[in-house]
Amino acid sequence: MMGRTIFIDPGRCIGCQACVSACRECDSHRGKSMIHLDYPDEGHTVASLPTVCMHCEDPVAPCAEVCPADAILVTADGVVQQADTTRCIGCANCVNACPFGVPKIDLQAKLQMKCNLCYDRTAYGLAPMCATVCPTGALFYGTVEELQAERPGVQVADSFTFGDVVVKTGVAMVVPADKVQWPVPGGLPIVQINGADVT
């Protein structure tokens, strides 16, 4: 059973970008946001989706596995760190290996940038910055039990398929119980927004 982590609830995201602003305030990324807000059907719907590192567990962090400089470390509790600035060579192998499209390369600095679950906070029991400011709870930090007590009837998905490969993650997606398929196809959640299914 997963411990305290981020649960992404796409049906609650209103695209306010509070999470992006809060992430930018973190000292460890020097004013850059490690969270991305994606618009899956821009121009046709206002649906938005916060994208954070999913902290892949099995296979363990594809981004770290392909790093030729061994710059991306995974902590004992499963948090995939952003690249060590003294080791990263900016090759973008991690960008290409991530099935969720999370790592970005800062071309000017020639460094990989990605969410590290605010490890400077979560290692001490504090919630990540993005989850503390989300006004709708689209980013929830806690345990599965806490989430389900607050939101009865939801299920969480932490296994996603990409072709024939199943990726198990340390961060989970909230999926309405009547819409769930296991594992979630393509890494995209199955959600309902304004009464219409959005995949």
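The values are calculated or read from the model by the stated rules, or taken from the named source; none is laboratory data. The model shown is predicted, which means the values in this text are computed figures rather than measured ones. All Cβ positions, even for glycine, are placed from backbone atoms using ideal geometry, and neighbour counts span all protein chains on display. All accessible areas refer to the heavy atoms of the entire protein, side chains included, with ligands and DNA or RNA removed. Shrake-Rupley method; radii C 1.70, N 1.55, O 1.52, S 1.80 Å.
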Across segment 1-17, the tally of residues that are over 16 Å from T132 (Cα atoms) and open to solvent by 30 Å² or more (accessible area, probe 1.4 Å) stands at 4
Out of all the residues in segment 117-126, is one or more of a type in the set (F, W, Y), surrounded by fewer than 18 Cβ atoms within 10 Å (Cβ to Cβ) and out of contact with any Ser or Thr (no Cβ under 9 Å at 6 or more places or on another chain)? yes
If we keep only residues of segment 74-91 that are farther than 16 Å from C53 by Cβ and of a type in the set (A, V, I, L, M, F, W, C), then the residue farthest from the chain's Cα centre (by Cα) is I89
Of the residues in segment 18-40, those that are open to solvent by 70 Å² or more (accessible area, probe 1.4 Å) and farther than 13 Å from K104 by Cβ come to R24, E25, D27, R30, Y39, P40
- Task: Considering every residue within segment 15-25, establish whether at least one is part of a loop (DSSP other than H, G, I, E, B), of a type in the set (G, A, S) and modelled with pLDDT of 90 or more.
- Result: yes
In segment 80-104, anything hydrophobic (A, V, I, L, M, F, W, C) and open to solvent by 40 Å² or more (accessible area, probe 1.4 Å) is listed as I89, C91, V95, F100
